[in-house]
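Below is one structure; the comments refer to it alone.
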Amino acid sequence: MSKFIFITGGVVSGIGKGICGASLGRLLKDRGFSVFMQKFDPYINVDPGTMSPYQHGEVFVTKDGAETDLDLGHYERFIDEELTQRSNVTTGRIYSEVIQKERRGDYNGATVQVIPHITDRIKGYVYKAAEESKADIIITEIGGTVGDIESLPFIEAIRQIHAENKKEDVLFIHTTLVPTIPGSDELKTKPTQHSFKELMSQGIKTNIIVVRSPEKISDEIKNKISLFCDVPKSAIVQSENVDFIYEVPVRLHEQGLDDYVLHKLCLEGNPIIKNNWKEMIDSYKNVKTELEIGLVGKYVQLHDAYLSVSQALIDAGYKNAHKINIHWINSEEVTEENAKEVFKGLDGIIVPGGFGGRGIEGMIATSKYARENNIPYFGICLGMQIAIIDIARNVANLEGADSTEKDDTTKYPVIDLMENQFDVENIGGTLRLGNYDCKLLKNTKARELYNSEIIQERHRHRYEFNNKYREELEKAGVIFSGINPELDLVEIIEYTGSDYFVACQFHPEFKSRPNKVHPLFDGFIKASIKNKNE
Ligand code: GLN
């Protein structure tokens, strides 16, 4: 039997519910419990896969190919568990499933309504997560802010779960803001009081309040919240603003959050035993040497569009005792002419994923510059396709070589659609998604870094390397070091003319963890450090 923790947010969005949930998950795992996490998003999109990266930031992909909210990335990095299709559910998905059932006649003539049909479906996702993961504790974050029209069915569903289970099996956590008024330093609890009331009016009395605030909250503030919101003082904790997000669990533990949660759930946990987490953060704090990494993409105005990539870079940096300064470079502004100026002082260059034709030429110029100047290059997904186009055009002399995503009239379609993508009409959920096997060739950088022959990595793309050009590119110095054995698709390439030039068709950033850095990020950062020192 699993226990359930639900996290809601009040006052404003973006209050850090995701980090709060992930941190609690980490602490509960450290206390000896298995944890599964999920997020409910109240918007109408069936999944965030169709949303612009400018609006929604990165789309995180699970091993089973779910395109999800970026908070799932926090969950996986903090709790180090691979999540699934059950981990991110939107209003759009719930409604489309209920409507499909209705069309099939599954409801036997009933009038289909928000309560019970929509709420039952929502509850189904929570109970199914418990059944499938068999985790001791399921943590569910409700996206959005309490009081939004959109989130009402989700709040109602978790209210029902509370009513259906034993008191000690369900716990509510509400995260709120305690702001100051501009011009005065006084902290204000009124928004929290209102948010508490709003939640009460929807039938939920929170057990714990997690406060975000520009300043440290005093005992007096806690007393006030305790009085007005009817929670004991020991159930009010602050999620402080910290230098490293991985510090949040440590701060919450110091305030007794995990103890209080276990007490309310009537669970006896171990004291935190082998917690290398705190040591990891302490070691971060001692790092002084810096490393300059250029990240070239077209969504750089919103850093969240590359959240897992930048986090994996930062983590790999700390692992190698370097603080990473990411230089966010808009690919639309890079040309062969200005490349020298743009990339001055950089120790390594990464080109991550992306979609559409815009900004591609600047990325190709980036790959060319890195290659010709022996700067470590790491291409991810689109970044691999770019590297192929560059080498095809500039080394193999296939003039005008391109990806058909950008130019479907090119004479040399070195990156092209696979047959099974020709007739795809819907863009949602039809990419090559999730885990695929990859076999690594002996005596290559990839094999050396992974130190294993068969690996599994997560994908999210529609286009592939066109195998027709394999021989020509091999002659130009490309090593195809990783191949998907079932479909014979190119997964990793290396360029022999450079000291370090590695690119992959999959997304390694989704599997990197702060305390278990992904080998390709590790290899890239090590090569960049070497480049810097030379
Ligand atoms: N746009 C490319 C494709 O669809 C690359 C996708 C990506 O970088 N995630 O294949």
Within the bounds of the range 457-466, is there any residue that is more than 16 Å from the ligand (Cβ to nearest atom), aromatic (Phe, Trp, Tyr), within 16 Å of residue 379 (Cβ to Cβ) and touching a helix residue (DSSP H, G or I) at 6+ places or on another chain (Cβ under 8 Å)? no
Matching residues in the range 462-483 - criterion: being crowded, with 20+ Cβ neighbours inside 10 Å and touching a Phe, Trp or Tyr at 6+ places or on another chain (Cβ under 9 Å): 465, 466, 469, 473, 478, 482
I'd like to check something: does the range 198-210 contain any residue that is modelled with pLDDT of 95 or more and basic (Lys, Arg)? yes
Quick one: which residue in 128, 166 is of a type in the set (Lys, Arg), farther than 17 Å from residue 264 by Cβ and modelled with pLDDT of 95 or more? 128
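Considering each of 419, 471 in turn, give the residue that is under 30 Å from residue 84 (Cα atoms) and over 29 Å from the mean Cα position of the chain (by Cα).
Values: 471 fails: under 30 Å from residue 84 (Cα atoms).
Within the list 419, 471, the selection yields 419.
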Tell me yes or no: at least one residue of the range 334-344 is assigned to a helix (DSSP H, G or I) and buried (at least 24 other Cβ atoms within 10 Å of the Cβ). no
Residue list for the range 322-365, filter: within 16 Å of the ligand (Cβ to nearest atom), out of contact with any helix residue (DSSP H, G or I) (no Cβ under 7 Å at 6 or more places or on another chain) and among the polar types (S, T, N, Q): none
Just the residues that are in contact (Cβ under 8 Å) with a residue 24 or more places away in the chain and hydroxyl-bearing (Ser, Thr, Tyr), please, taken from the range 12-54. 13, 23, 34, 43, 50, 54
Residues being closer than 13 Å to residue 145 by Cβ and assigned to a helix (DSSP H, G or I): count how many of those fall in the range 197-216. 2
Unmet requirement for residue 289, which otherwise passes all of (1) within 21 Å of residue 524 (Cα to Cα); (2) among the polar types (S, T, N, Q); (3) without any contact (Cβ under 8 Å) to a residue 24 or more places away in the chain: (3)
Are any residues in the range 39-63 in a loop (DSSP other than H, G, I, E, B), closer than 18 Å to residue 126 by Cα and of a type in the set (Asp, Glu), and if so, which ones? 47
Is at least one residue of the range 401-417 touching a Lys or Arg at 6+ places or on another chain (Cβ under 7 Å), surrounded by 19 or more Cβ atoms within 10 Å (Cβ to Cβ) and aliphatic (A, V, I, L, M)? yes
Which members of the range 498-522 meet the condition of being crowded, with 21+ Cβ neighbours inside 10 Å and among the small types (Gly, Ala, Ser)? 503, 512
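Can you say whether residue 480 is touching a residue at least 12 places away in the same chain (Cβ under 8 Å), within 16 Å of the ligand (Cβ to nearest atom), closer than 25 Å to residue 371 by Cα and not charged (D, E, K, R), as far as the supplied structure shows? It would help to see each step written out before you state the result.
Values: touching a residue at least 12 places away in the same chain (Cβ under 8 Å): yes; within 16 Å of the ligand (Cβ to nearest atom): no; closer than 25 Å to residue 371 by Cα: yes; not charged (D, E, K, R): yes.
In short, no.
The values are calculated or read from the model by the stated rules, or taken from the named source; none is laboratory data. Not measured: the values here are computed from a predicted model. All Cβ positions, glycine included, derive from the backbone under ideal geometry; neighbour counts span all protein chains shown.
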